[in-house]
Amino acid sequence: MNEPTGPKKIRHIWDMSARWLVYLWAFPIRALGLCAAAIVALTGGETRVVDGVLEVSGGAADFCLRRIVGLVLRGGASAMTLGHVVLARSPDLLLITRAHERVHVRQCERWGPLFIPAYVFASLWAWVTGRRPYRDNFFERQAFQLAG
């Protein structure tokens, strides 16, 4: 492949620099995701990279998403995003939830280390105002809307 030259090279360098800044901004959340991914891998889960996102499923992810998330969300969760890491109960659920979880990846890129506090605040706000903490959470409404 030919290297870009002139203005195209400058644009390429700019795009790569911007991408690295996004990855750096989202790093604190992704670090949590990488720790969770390591635990999932060590407990027999599957890992793969799809479109620059680390997807992990099975193992401890299944237990945590069913049981631990189930303490605050009836039935638990099928999948969860932590930066550029998506955890799911199974490979099939990764496929089913991929579009929705990619919206959360983009949200993490925008909000960076503020994503988790903002997400929790959005759930609390929904609850305090008499709405559903999960389905009426701003971030979840956006993900359901954009993912279809």
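Please treat every number below as a calculation from the coordinates, not as lab data. In this text the structure is predicted, and so the values were computed from the model without any measurement.
Based on the Kirkwood radius over alpha-carbon pairs, what is the Stokes-Einstein translational diffusion coefficient of the chain at 4 °C with 1.567 mPa s viscosity, in µm²/s?
Working: Rh = 16.4 Å.
For the chosen part, D equals 79 µm²/s.
Helix-only mean residue ellipticity at 222 nm, the chain, DSSP H runs n ≥ 4 weighted -39,500 (n - 2.57), per residue, nearest 500. What is it?
Details: 6 runs with 86 residues, N = 148.
Taken over the chain, the calculation gives -19000 deg cm²/dmol.
Helix 115-128 versus the longest principal axis of the chain: what angle, 0 to 90°, nearest 10, using Cα atoms?
40
If you fit an axis through the alpha-carbon atoms of helix 27-42 and take the longest principal axis of the Cα set of the chain, what angle between them do you get, 0 to 90°, nearest 10?
Roughly 70 degrees, rounded to the nearest 10.
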